[in-house]
Every structure is written in C-alpha cells, then in structure tokens.
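Undergrad: I'd like to ask some things about the structure below.
The values are calculated or read from the model by the stated rules, or taken from the named source; none is laboratory data. On a predicted model such as this, the values are computed, not experimentally measured, just so you know. Note that each Cβ is placed from the backbone with ideal geometry, even for glycine, and that neighbours are counted across all protein chains shown.
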Amino acid sequence: MRRQPKPVALEADTDLRRVVEEVSADKTPRLIERDGKPLAVVIPAEEYADIMTMHPSVRSPRDFYEEATRSEDIRRILRRLTTE
C-alpha cells in the first residue's frame, strides 16, 4: 500500500537534503509545494524502481511523465492540482 505524500512547503530555508533523507528513512513520499501549488514529488528509490518495472516502455523520469500525462484522468488531476 502506497502512502499519501506529506506536504513540504518550499521556502528559502527548506533543507531539501533533510527531506530526501526523511523519504529514504520512512518511505513516505513528500509533495514539494510553493504557495500551496505542487512543484515536485520525492519518492523512495524502491518505489521509483517499482514504477520503472511496471512500465517497461518508460526509460527515464521524463518518459514516465510523458506517458502518464497522456492519460485524460491524469491530465484532469494535474489541472485540478495546479488551479486550486
């Protein structure tokens, strides 16, 4: 079962090294946000490996993003996240 990402506000003093170390330790993704809008998600390396295995046509994070955003459901979710 995958965990819901914990939000992390991106500020000038946000320690991204600490965020990455926390993700590695507790295996819970982090949703990096600025002004309440999502910018990026940090996921555990094992989860990324699982994604790459489940989608053999995906060879890089860019490929994964492009494949995922082809889905109308994903595009609708992304639009909702960026307009809220």
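Undergrad: Identify, from the list 53, 82, the residue that is in contact with a Pro (Cβ under 9 Å, 6 or more places away or on another chain), modelled with pLDDT under 90, β-branched (Val, Ile, Thr) and not in a loop (DSSP other than H, G, I, E, B). Explain how you work it out, then say what you get.
TA: On the way: 53 fails: in contact with a Pro (Cβ under 9 Å, 6 or more places away or on another chain).
None of the others qualify; the one that does is 82.
Undergrad: Let me ask you something else. Filter segment 5-29 down to residues that are part of a strand (DSSP E or B) and either under 10 Å from residue 43 (Cα atoms) or over 13 Å from the mean Cα position of the chain (by Cα) (or both), then give me how many there are. Even if it seems obvious, please write down each step before you answer.
TA: Taking segment 5-29 first, the residues part of a strand (DSSP E or B) are 6-9.
In the following step, the residues that additionally are either under 10 Å from residue 43 (Cα atoms) or over 13 Å from the mean Cα position of the chain (by Cα) (or both) were identified as 9.
Within segment 5-29, residues that are part of a strand (DSSP E or B) and either under 10 Å from residue 43 (Cα atoms) or over 13 Å from the mean Cα position of the chain (by Cα) (or both) number 1.
Undergrad: List every residue pair whose Cβ atoms lie under 8 Å apart, where the two residues are 6 or more positions apart in sequence or sit on different chains, the first residue falls within segment 36-57 and is over 18 Å from residue 18 (Cα atoms), and the second residue, located anywhere, is aromatic (Phe, Trp, Tyr) and modelled with pLDDT under 80.
TA: Between residues of segment 36-57 that are over 18 Å from residue 18 (Cα atoms) and residues that are aromatic (Phe, Trp, Tyr) and modelled with pLDDT under 80, the close pairs are 51/64; 52/64; 55/64.
Undergrad: So, one more: Among 70, 62, 2, which is assigned to a helix (DSSP H, G or I), surrounded by fewer than 14 Cβ atoms within 10 Å (Cβ to Cβ) and either on the phi < 0 side of the Ramachandran plot or at pLDDT 70 or above (or both)?
TA: Working: 70 fails: assigned to a helix (DSSP H, G or I); 2 fails: assigned to a helix (DSSP H, G or I).
The unique qualifying residue is 62.
Undergrad: Looking at residue 41, is it surrounded by 10 or more Cβ atoms within 10 Å (Cβ to Cβ) and either at pLDDT 95 or above or not in a strand (DSSP E or B) (or both)? I'd like the intermediate steps shown before the answer.
TA: Values: surrounded by 10 or more Cβ atoms within 10 Å (Cβ to Cβ): yes; either at pLDDT 95 or above or not in a strand (DSSP E or B) (or both): no.
When the stated conditions are applied, residue 41 does not pass them.
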